[in-house]
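Trainee: Have a look at the structure that comes next, please.
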Amino acid sequence: MLKIALTKGRIEQKAVELLGLCGYDTAELNDKGRKLLFTCPHPTLDELQIVLAKANDVITYVEHGTCDIGIVGRDTIMEMGGDFYELLDLGFGKCRFALAGPKGRDFHEGHRHKVIATKYPNVTKRYFAGLDMDCEIVKIDGSVELAPILGLSDAIVDIVETGSTLRENGLEVYTDIAPISARCIVNSASMKLKNDAVRDFIEALSKQIPN
Amino acid sequence: MDIIEKYTPSGTRDLIYEEAFAEKELENKLYRLYLTLGYKPIETPVLEYYDVFNHEQRYIPDQTIYKFTDNEGKLVALRPDNTSPVVRVALSKLKDEALPLLLCYSQPVFRNNLAFHAKRDQILQCGVELIGGETPETDLRCLFTALQTLNASGSFYKLELGHAGFFDALITDYALSENEIADLRSFISARNSGGYAFTLNMTNPAAVSLARELPRLCGSPDRVLPRARVLAKGRPGAQKILDELETTCSMLTEAGYGTSLILDLGIVQVINYYTGIVFRGYLDGVGEAVLSGGRYDHLLAGFGSDLGACGFGFNISEAAKVNPRQLPPSVPLSFADGVNSLKDAQRVLDRMGKED
């Protein structure tokens, strides 16, 4: 049996569809109620036990080996880091990390110390370190777009899908930082101790993912 | 007066009754095992000069080392690892001893981890270091000791084998710049350490396909070796490494450890620490490697020696946790009857001594 941590919400929906395509019986997941733990049998492969969790927790569970496999966005992986294998790009949940700010402004103009608001301080720190720039990073939990509007920051680093939230608030993307999509991660010990089961699962998934 | 803190700092813990016993029992068992296998014990101080760990092959992240100054203003560290101190002793106090030196140790290491990650700052680590022996023979002895160590801990286990030189031997004729090699290295190793690499900006088709193929070379030796042979075609260095690994695997298989072996040729190190065979051990119930080791000749070069060495460290603290032990029954002794009680107690102990 493999234990899988699945990120709740949009990724969950697509992932459950994908598991269905692979031949897993996802009936329990389609009728959840208040349960947090689900079983997905398969006619030939090991059955899956699935937990639904928030993105950060998916990484925590996989890193500690309480779950063998996790399905989580690359944004969270890049922010949290950690020791695990990242084996598969699942191809859905596509968006990107971008630097954005008030429309029409030249972000890099002048030598003034810049303030950046973000939910992803580690990604932001690494990005600016790569540019040999040090800037002030302010961690925001809710709508990051508010920060430059209210004058708290010069720009934001956030995930952008279509860019419509930015446009509606008078902001625009300055630079794309990195592409994001849902990934399949594997605990490093499970990769060895349950090598056959993990490989079968990954192969089943990759057959259903268009290149 | 302030109330004294009644709890321990983040990352540390008290071990009470069964937990304390389980750790000590496993430690004793392994210590005996190493002595039986011909290793000699050494102990080093908890405090070392920071420079002992601050060499070119800095395999321990600097921010995780507990450091402070001594009364001369010199930087000292709570030892974050046992290998460097053991090598320090081997190359100084033991430099005139006959080679190879087979050394074993069991003592805690300290790491300053981030809070709230359930990581331990103090770990009881035992292990062996084999210094100055012939390569295949010493590696085999070390691997056998590692397998015995995993076996002694009483859980289902796997030993993963790789080679630090395989990646370099594959890319010899790729005509990549040093920066590109560094990028490729961190891209492939990021597969094992969670997404630090952004994207691989590389046009060399051979490098791109290597980045895809290498991390997949992980599984039982009979499955992985044929595929690795395809990659190694026309590259004698890589072929030689595969020959060595194949010989090692088949010897260990013949000795009955076949089902416990996993080959992982996707091990690519970003820090130039290991120089030959690398291996890690996993126990059912522990989500990370409990044993980790390999051949590390560069480290000795950093200490000014041209000797080769290999060894491993084993995390007793984590291994003991998955094998809880009951305390053994004690002998009821009463001390109510003054000097007679003492004589009674002595008689009981003498009788037990004879039974041993």
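Trainee: Pick out, from B:324, B:303, B:265, the residue whose Cα sits farthest towards the positive end of the charge dipole of segment B:199-345, with +1 on the Cβ of Lys and Arg and -1 on the Cβ of Asp and Glu.
Mentor: B:265
Trainee: Please work out how much length the chain gains when fully extended from residue A:136 to residue A:1, using 0.36 nm per residue of separation minus the C-alpha to C-alpha distance, in nm with one decimal.
Mentor: Full extension of this stretch gives 44.0 nm more.
Trainee: Enumerate the residues in segment B:131-153 having an amide nitrogen under 13 Å from the point lying 7 Å beyond the Cα of residue B:251 toward its Cβ.
Mentor: Under 13 Å, as judged by backbone N against the label point of residue B:251, lie B:134-145 of segment B:131-153.
Trainee: In the Gaussian network model of chain B, springs joining C-alpha atoms below 10 Å, which of B:161, B:150, B:210 carries the largest mean-square fluctuation?
Mentor: Greatest mean-square fluctuation among the candidates belongs to B:210.
Trainee: Do any chymotrypsin sites (Phe, Trp or Tyr not before Pro) in segment A:1-103 lie in a loop, going by DSSP, with at most 10 other beta-carbon atoms within 10 Å of their beta carbon, and if so which?
Mentor: none
Trainee: Moving to a separate point now. No solvent, one uniform scatterer per C-alpha: report log10 I(q)/I(0) for chain B via the Debye equation at q = 0.08, 0.12 1/Å, two decimals.
Mentor: Each listed q maps to, in turn, -0.48, -0.99.
Trainee: Could you give the nm distance between label points at residue A:206 and residue B:326, where each point is 7 Å from its Cα heading toward the beta carbon?
Mentor: With each label point 7 Å from Cα toward Cβ, the separation is 4.8 nm.
Trainee: For the modelled label position 7 Å from the Cα of residue A:172 along Cα-to-Cβ, which residues of segment A:99-118 have backbone nitrogen atoms closer than 12 Å?
Mentor: Residues A:101-107 qualify, since their backbone N sits under 12 Å from the label point.
Trainee: Sticking with this structure for a sec: Mind giving me the FRET efficiency for residue A:10 and residue B:40? R0 is 51 Å, r the Cβ-Cβ distance, nearest 0.05 is fine.
Mentor: Taking R0 as 51 Å, the efficiency between residue A:10 and residue B:40 is 0.30.
Trainee: List B:251, A:1, A:78, A:191 from most exposed to least, where exposure is judged by having the fewest other Cβ atoms within 10 Å.
Mentor: So the ranking, lowest neighbour count to highest, is A:1, B:251, A:78, A:191.
Trainee: Build a GNM of chain B with springs between Cα atoms under 10 Å: which of B:237, B:133, B:304 gets the top mean-square fluctuation?
Mentor: Residue with maximal mean-square fluctuation among B:237, B:133, B:304: B:304.
Trainee: Also, I was wondering about something else. Among A:145, B:246, rank each residue by its count of other Cβ atoms within 10 Å, from fewest to most, as a rough exposure measure.
Mentor: B:246, A:145
Trainee: Here's a follow-up. Divide by every residue of chain A the summed helix terms, -39500 (n - 2.57) for each DSSP H run of at least 4, and state the resulting mean residue ellipticity at 222 nm, rounded to the nearest 500 deg cm²/dmol.
Mentor: Using -39500 (n - 2.57) per qualifying helix, the result is -9000 deg cm²/dmol.
Trainee: Given N residues in segment A:1-148, what is Rg(Cα) / (2.2 N^0.38 Å)?
Mentor: Details: Rg = 19.2 Å, N = 148, 2.2 N^0.38 = 14.7 Å.
Expressed relative to 2.2 N^0.38 Å, the Cα Rg reads 1.30.
Trainee: Shifting gears a bit: Please work out the Cα center distance from segment B:1-47 to segment B:216-260, rounded to the nearest Å.
Mentor: Result: 37 Å between the Cα centres.
Trainee: Report, in degrees rounded to the nearest 10, the 0 to 90 angle that the Cα long axis of helix B:83-92 makes with the longest principal axis of chain B.
Mentor: It is inclined by approximately 90 degrees.
Trainee: Taking each residue of B:282-291 in turn, how many C-beta atoms of other protein chains fall within 10 Å of its C-beta, and what is the average?
Mentor: Per residue, the average neighbour count from other chains is 5.
Trainee: To the nearest 10 degrees, how steeply does helix B:221-232 sit against the main Cα axis of chain B, on a 0 to 90 scale?
Mentor: Orientation of helix B:221-232: about 40 degrees from the principal axis.
Trainee: Name the GluC sites (Glu not before Pro) in segment B:44-113 that are in a loop by DSSP and that have at most 13 other C-beta atoms within 10 Å, would you?
Mentor: Those satisfying the criteria are B:56, B:72, B:97.
Trainee: Which of B:225, B:291, B:162 sits closest to the plus end of the dipole of chain B, meaning its Cα is farthest towards the positive end, when Lys and Arg get +1 and Asp and Glu get -1 on the C-beta?
Mentor: Working it through, the farthest residue towards the positive pole turns out to be B:225.
Trainee: Between residue B:203 and residue A:196, with labels modelled 7 Å along Cα→Cβ, what's the label distance in nm to one decimal, could you check?
Mentor: Once both label points are built, they end up 4.6 nm from each other.
Trainee: Then there's this: Along segment B:334-344, what does the Karplus equation 6.51 cos²θ - 1.76 cosθ + 1.60 (θ = phi - 60°) give for ³J(HN,Hα), rounded to whole Hz, x for Gly and Pro?
Mentor: For segment B:334-344, the Karplus-derived couplings read 10, 10, 7, 9, x, 5, 4, 4, 4, 5, 4 Hz, x marking Gly and Pro.
Trainee: Also, I was wondering about something else. Among DSSP beta bridges lying fully in chain B, give the percent that are antiparallel, nearest 5.
Mentor: Beta bridges within chain B, antiparallel portion: roughly 90 percent.
Trainee: Still on this structure: Any chance you could give the angle, 0 to 90 degrees and rounded to 10, that helix B:236-252 forms with the longest Cα principal axis of chain B?
Mentor: So the helix axis and the longest Cα principal axis differ by about 30 degrees.
Trainee: Quickly rank A:5-14, B:312-321 as a protection proxy: mean count of other C-beta atoms within 10 Å, highest first. Write down the numbers at each step before the final one.
Mentor: On the way: A:5-14: 18.0, B:312-321: 23.5.
Order by mean packing, descending: B:312-321, A:5-14.
Trainee: Still on this model: Hey, which of these cross-link pairs are over 18 Å Cα-Cα: A:125/B:67; A:14/A:119; A:35/B:321; A:8/A:94?
Mentor: Listed pairs above 18 Å: A:125/B:67; A:14/A:119; A:35/B:321.
Trainee: What fraction of the DSSP beta bridges in the protein assembly as shown is antiparallel, stated in percent and rounded to the nearest 5? Kindly include the intermediate steps, with their values, before the conclusion.
Mentor: On the way: 67 of 88 bridges.
Bridges in the protein assembly as shown are about 75 percent antiparallel.
Trainee: To the nearest 20 debye, what charge dipole does the protein assembly as shown have about its Cα centre, counting +1 at the Cβ of each Lys and Arg and -1 at the Cβ of each Asp and Glu?
Mentor: 620
Trainee: Share of Cα-Cα pairs in segment A:118-175 beyond 18 Å, in percent?
Mentor: Working: 523 of 1653 pairs.
Tail of the P(r) past 18 Å holds 32 percent of the pairs.
Trainee: Moving on. Report, in debye and to the nearest 20, how large the dipole of chain B comes out about its Cα centre when Lys and Arg carry +1 and Asp and Glu carry -1 on their Cβ.
Mentor: Approximately 560 debye in magnitude.
Trainee: Quick one: order A:196, A:83, B:2 by neighbouring beta-carbon count within 10 Å, fewest to most. Present the calculation step by step, with values, prior to reporting the outcome.
Mentor: Details: A:196 11, A:83 15, B:2 4.
Sorted ascending by nearby Cβ count, the order is B:2, A:196, A:83.
Trainee: Still on this structure, I have one more. How much length is gained if the chain between residue B:95 and residue B:306 is pulled fully straight, taking 0.36 nm per residue apart and subtracting their Cα-Cα distance, in nm to one decimal?
Mentor: Taking 0.36 nm per residue and subtracting the Cα distance, the gain is 74.7 nm.
Trainee: Percent of alpha carbon pairs in the protein assembly as shown separated by more than 37 Å?
Mentor: Tail fraction, whole percent: 42.
Trainee: In peptide A:191-203, how many Cβ atoms from other protein chains are near each Cβ within 10 Å, on average?
Mentor: Partner Cβ neighbours, averaged per residue: 4.
Trainee: Another question about this same structure. Note down the magnitude of the dipole of segment B:165-268 about its Cα centre, charges +1 on Lys and Arg C-beta and -1 on Asp and Glu C-beta and zero elsewhere, to the nearest 20 debye.
Mentor: I would put it at about 300 debye.
Trainee: Residue-wise, which Karplus ³J(HN,Hα) couplings in Hz belong to segment A:143-159, taking 6.51 cos²θ - 1.76 cosθ + 1.60, θ = phi - 60°, and x for glycine or proline?
Mentor: 6, 5, 4, 5, 4, x, 5, 7, x, 6, 9, 7, 7, 10, 10, 8, 7
Trainee: Moving to a separate point now. Give me log10 I(q)/I(0) at q = 0.10, 0.13, 0.16, 0.24 Å⁻¹ for segment B:165-268, Debye formula, one equal scatterer per alpha-carbon, no solvent.
Mentor: -0.30, -0.49, -0.71, -1.32
Trainee: Please give, to one decimal in nm, the separation of the simple spin-label points placed at residue B:223 and residue B:5, each 7 Å out from Cα toward the Cβ.
Mentor: If labels sit at residue B:223 and residue B:5, their model points lie 4.8 nm apart.
Trainee: Per-residue ellipticity at 222 nm for chain B, helices alone: DSSP H runs ≥ 4 residues times -39500 (n - 2.57), over residue total, nearest 500 deg cm²/dmol?
Mentor: Result for chain B: -11500 deg cm²/dmol, rounded to the nearest 500.
Trainee: Once you average over the residues of B:257-265, how many Cβ atoms of partner chains fall within 10 Å of each Cβ?
Mentor: For this peptide, the per-residue mean of nearby foreign Cβ atoms is 1.
Every number in this text was worked out from the coordinates using simple rules, so none of it is lab data. Just so it is clear, the model here is predicted, and its values are computed rather than measured. Positions of Cβ are backbone-derived with ideal geometry, glycine not excepted, and every protein chain shown enters the neighbour counts.
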